[in-house]
Amino acid sequence: MTMENESHSLRSELELVEEIEGKIEEARKRAEELGEIVGEISRYEEVTMGSPPKIVASFYPNAYFKHKKLLAAVGNYVGVIDVGTLELISARVSSIARIDTMAAISSDAKSMPSVPIPAPHGLVGKPAANIEPLLALEVKTEGDNVQLGEGRAARYAIEPQSPIILPKPEILERMLALPSAGPIFGALTVGEEAIEYGNKVAKVRLPIEDLLFHILILGTTGSGKTTFIKNLIQDLRNYEVNSLKPVIFIVDCNGDYTQIIFPSECEDELAKKLYGENIHLPSYIKVILPTTHEFVKNISSLETLAERYYEQAFSWIIKRLEHEGYKVESEFSKVDEPTPMGTIHLRILKREDSGERLIHEVKISIIPYAFKFLEVKKEIKNLSPYFTEQARELLDRLFKYIEEKAERQLKTLEEYIKEIAGMSARDIEQETNIHRGTVMNIIRNLIILNDSGLFDVKINETEIKEPKLKDIVEQGDIVLLDIYNADIQPKAGKILALRLLDQVFAWKKQIEAVGEPNPLAFVVIDEAHRFFPTHGLEEESYVVLVASKLERIARMGRARGLGLILATHSPKDIHQVVLNLCNTKVVFRLESTLVKELGLPRDYAELISKASDRIMVIKSHALRLHYITAKTPLSVVGHFKRY
């Protein structure tokens, strides 16, 4: 090599060193803008890209002890500004190692004192962690503003000395390609620790449109399912699609969801960081109340119905609130047309030294729900899920036969049952060509329906009929089917819940057909295993029919803006069609044997089998990384226990 070439090579190398020096300086500058620098890619370990990659992060001791719960945790997320590209690389800690450096220096462990002497200097060495790169994002700077590009898979080797950051929450959300809009599911966590920076948390959201692909929430009793659902409902109310707020239908089996009109008993800092200081409680809720003959015995008017419901559903909560310094004023009225209903107006005030301060006002419409037999006669075969397929096909033929034998007009379900009770099953089979087993199935189901007490009910002179959703539902409504306070038989509860699902689907279809404004709608069913059980937990005809119905509604409803939010204790109790149809699964604490059935990666499965209350793993097609851990706060709305 000539002297001239050697000189040119030296200049090129010096220029490269200067360029790299500038990039190191720029990388640290960008790192400081995006978060807190806590370390660098190790200068002493080789960076190897492969399967698995070997990239060692060296954390600064002061930063490590300051943020130990995050930096010492497997699964933690860090950011790296690659010195070579100046891109932001999101990475996940896959393992971490610690050693007492003073002990490591000693060549003879036997020479150490038998009683160890504290040696804090030994803990000042840099902790080393293996990190797994996730996504690479271009970093653009315009003055003091930093903008991040779309994330793509990080496939190249990261340079040693590249600074490592704990990112600001809003940066972390971008680093992990978390959706930037939509209802909040919770605060992003490392294990059970919410990731916090500067009094802010990283928020896990899902786009509201992705909720139409349906959600299944799983977890043992007390793990946080109901709290999560209440928080989700509260946040879901704030969103609009095409200037329309969603309608939320709730099937309430345990009396939990009527409570959402009341303020929370709890002050939760995490809730404030997620949702802000002011929680706007629902100002209007519509309660569809199954109304039986027994229930209305001592009810003389719609106002009396509202008063009865107040005593049964709210009075114990209001006593609790009054004990905590609230005052609740109530007023009762009625509406006759187009749908009869009683109404409750509540004013919730807080007693303070300066006087009483109005906290919240809410109107509750109590819509009695029963069936007028002659109006639903043609639909009876679809009303009970316990009819066999043959019974549904032949019910009209049997009704016609009964009417001909009676030689008079039959007006009630009870009259049909009395007529058929006086007939011989053999004669019916011979004269109608309906198999005796099918006849017995029909009779049994008619008795179930009649024993529900929900047919031909009156309050004074007011006939109670099935309310039409088009007459009672408006955008932004919360409509609650209260099975708990109705005190009806379990089979009647199943019949009404499935009926509501059919009616919501038909309502959405009708809106679409006439071209009216079509808000998104969500149906929330806690204790979903009661209604959609797996084989062996209910009559086979019920299981088959319900699975078919659910699959049709779920698949076709998605295109019409109808989403299901279902919750249950165990994946073993729920029908497989539910597991297949729900593209988002939110998993709270579950037994390890049940977690295996969900196919979660090992580290997520181990976490959730031992997790504290309100910690969740979210598995969703809407997440770029497919899995994420999060924590929901204490309920931001009323969440009261009777004990």
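The values are calculated or read from the model by the stated rules, or taken from the named source; none is laboratory data. For clarity, every value in this text was computed on a predicted model and none was experimentally measured. Don't worry about glycine lacking a Cβ; one is built from the backbone with ideal geometry, like all the others, and counts go over all protein chains shown. Ligands, DNA and RNA are excluded from the accessible area calculation, which covers all protein heavy atoms including side chains. Shrake-Rupley method; radii C 1.70, N 1.55, O 1.52, S 1.80 Å.
Let me have the relative contact order for the range 528-573, percent, based on Cα pairs under 8 Å that are six or more residues apart.
Relative contact order, the range 528-573: 51 percent.
Taking the protein heavy atoms of the chain in the context of the full set of protein chains, the accessible area attributed to carbon and sulfur is 48 percent at 1.4 Å. Along the axis of the charge dipole computed for the chain (Cβ charges of +1 for Lys and Arg, -1 for Asp and Glu, origin at the Cα centre), the listed residues T339, A128, I195 are led at the positive end by T339.
Would you mind classifying the range 404-459 by shape? Square roots of the alpha carbon gyration tensor eigenvalues, ordered a ≥ b ≥ c; an a/c under 1.5 is rounded, otherwise it is prolate if a/b is larger than b/c and oblate if not.
Working: a/c = 3.29, a/b = 1.60, b/c = 2.05.
Because a/c hits 1.5 or more and a/b fails to exceed b/c, the range 404-459 counts as oblate.
One Cα centroid belongs to the range 236-294, the other to the range 599-641; the line between them spans 21 Å. Before anything else, pin down the relative contact order of the chain: Cα pairs under 8 Å, at least 6 apart, normalised by residue count, whole percent. RCO, the chain: 18 percent.
S264 exposes around 30 Å² of accessible area when a 1.4 Å probe is run over every protein chain in place. Cα gyration tensor of the range 604-643, axes a ≥ b ≥ c as square roots of the eigenvalues: rounded (a/c below 1.5), prolate (a/b > b/c) or oblate? Judged from the Cα gyration tensor, the range 604-643 comes out oblate (a/c at least 1.5, b/c at or above a/b).
Taking the Cβ-Cβ separation of K327 and E294 as r and a Förster radius of 25 Å, what is the calculated FRET efficiency to the nearest 0.05? Approximately 0.15, to the nearest 0.05. Each Lys and Arg adds +1 at its Cβ and each Asp and Glu adds -1 at its Cβ; summed about the Cα centre, the range 281-379 shows a dipole of about 260 debye.
With both residues required to sit in the chain, DSSP beta bridges show an antiparallel share near 70%. A cut-off of 5 Å between modelled amide H atoms, ignoring neighbours fewer than 5 places along the same chain, links R205 with F185.
Going through [x] 16, 34, 26, 15, 7, 2, 0; [y] 15, 39, 35, 11, 1; [z] 16, 40, 27, 13, 4, 1, 0, the figure that equals P(r) over Cα pairs in 20 Å bins from 0, in percent as computed for the structure here is [z]. Only Lys, Arg, Asp and Glu carry charge here, each on its Cβ (+1 for the first two, -1 for the last two); on that basis the range 132-242 has a dipole of about 300 debye about its Cα centre. Here the relative contact order of the range 274-432, from alpha carbon pairs under 8 Å that lie six or more residues apart, stands at 21 percent.
Rounded if a/c is under 1.5, else prolate if a/b is larger than b/c, else oblate: which is the range 236-359, with a ≥ b ≥ c the root eigenvalues of its Cα gyration tensor? Oblate is the answer for the range 236-359, as a/c is 1.5 or above yet b/c matches or exceeds a/b. Remark: the range 278-284, residue by residue, has Karplus-estimated 3J(HN,Hα) of 9, 9, 8, 5, x, 9, 8 Hz, where x stands for each Gly or Pro and the curve is 6.51 cos²θ - 1.76 cosθ + 1.60 at θ = phi - 60°.
Rolling a 1.4 Å probe across the protein heavy atoms gives the range 407-469 an accessible surface of 55 Å² per residue. The charge dipole of the chain, taken about the Cα centre with unit charges on the Cβ atoms of Lys, Arg (+1) and Asp, Glu (-1), comes to about 1320 debye, rounded to the nearest 20.
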